[in-house]
Structures are given as C-alpha cells and as structure tokens.
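Written out below as structure tokens is the structure these notes cover.
The values are calculated or read from the model by the stated rules, or taken from the named source; none is laboratory data. Given the structure is predicted, the values throughout are model-derived calculations rather than measurements. Here the Cβ positions follow ideal geometry from the backbone for every residue, glycine too, while neighbour counts run over all protein chains shown.
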C-alpha cells in the first residue's frame, strides 16, 4: 500500500495551502466579500497577478490544496477525523519556529497514521469480501433451483439456453466466443457484444470456471454460467469486480479455432 500523506507531499501541500491562508489573513477586510460574488469575479481576480510566475505559483498552491482536501475526505470515510485547521496549525507553528513536535516525532506520527489507514482498509476489505461471499452463496442457491440448471462437481452452475450441434472444445483448444459478464446485482463489467468483436483465446488461459464450462458447449451453443469465487477471481479485487464475487456469464461458442486460424487471430489481436 502507498503511504498516506508522506512527509514530502504533506509538507509541500500544507506549505502552499498556508501561504494562501496567510494572504487572506493579511488582506484588507473588504477582500472577504468576493466569496459571495459569482464566478466571473474569479476571472477578474486572476488578472490582478503581477506576473505569470506569480499566477503559476498560485495555481500550484490551489492544486495542492485541492489534493489535500480530497485526501482528508478519503481518510474521513475510513473513520479518521483529520481537521484542516490542525494541519494548517502545524505548518504555522513550524514557520514561527515553535513546533510542538520534533522531526522524529513528526515522522513517527505519519508512520502511525499510515498503519492506522492500512489496518482500517484491510478491515473494510475483509468485511466487504465476507458480505460478497454470503450474497454469492445465496444467489447460487436460488439459481440452482431454476429449471434446467445443472451443477458440476466443482460447483460451477450452468443453464443451456441454446444447444448447438458442433463439436465440443478441449482445454487445450483456442475458442472464439461472444459473451457478457455481470455481477450478481446485474452490474455489467465486460461484454464482447458491446465491443462488437468476438473474443478469441486459449481455453486453458482463462479463469477455471470458463475453462471447465466452455468445454461443455458444442459449437453454436449459448450457455448461462454462474461461477463461484473459487472458480473466478477469488479474493482478488479490482475496480470492476469486488473480492469473493460470484460472476454471471452469458456465453456463445462461435467456433473452435484451428491451428492456422489461431495464428491469424493472434496476429489480429
């Protein structure tokens, strides 16, 4: 995991954020009013910069302040209460030569924060994975009761929607398919139909549920597969597929690609 609020980023961010804060504090009282003025006033204020360097420096400070604000919001979602006022106070104290923490204490506090965030995220991920496991178990139990659903020894569930009359592939074959993949709540995470391009791949180089399931399909068939996590991506998570997800696939087996076709398809891909 990447450390949260590393010293270099934190210092740079707060340094510039405080600079902006100090400018507001030292400005005449009437400069507080533009906060209530509509957006065009900001454009007029931008013209007041004395040089491009000053404008660029201000933009860097604003950008870093936005980053810091977003970072603090992320920590808040985890249950941390890191206040902007306390962050700015730390920098102000250092500028005044009156820091309440030594460099060693500061570094240790940041390391402790890193560990707390790591522990919180791990706990949250565990809870989410357990919830997904339970939801998947319930979904598969209900699906298994539907008419025509069959279950293999490994736990793979499938339902024949269209029965083809072609040959059936082996695990070592390369196949051409059209498919769509969804989570159990119907969220689609992949679809060759939407790409308007069938997928071609060696059957032994995909998730186990696919390797097993597609071998049950004669060419020309369309099956619905419900794949438990252990035959899919297990505890691995990515932005589109949470950990311990049961996956649902609609698969059409279009062809078993022969050796010469395989080379051509690989070159095209």
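Numbers below:
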quantity: Number of positions in the range 72-82 that are in a helix (DSSP H, G or I) and in contact with a helix residue (DSSP H, G or I) (Cβ under 8 Å, 6 or more places away or on another chain); calculated: 3
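The rows are residues; the columns are (1) farther than 30 Å from residue 217 by Cα; (2) touching a helix residue (DSSP H, G or I) at 6+ places or on another chain (Cβ under 7 Å).
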| residue | (1), (2) |
| --- | --- |
| 92 | yes, yes |
| 130 | yes, no |
| 157 | no, yes |
| 179 | no, yes |
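Residues checked against (1) exposed (fewer than 13 other Cβ atoms within 10 Å of the Cβ); (2) assigned by TED's automatic domain parsing to the domain that holds residue 207; (3) at positive phi:
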position	(1), (2), (3)
117	no, no, no
123	yes, no, no
133	no, no, no
147	yes, yes, no
152	no, yes, no
164	no, yes, no
173	no, yes, no
186	yes, yes, yes
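For every residue, the table says whether it meets (1) farther than 20 Å from residue 159 by Cβ; (2) over 18 Å from the mean Cα position of the chain (by Cα).
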residue	(1), (2)
185	no, no
190	no, no
196	yes, yes
199	yes, yes
208	no, yes
214	no, yes
219	no, yes
229	no, yes
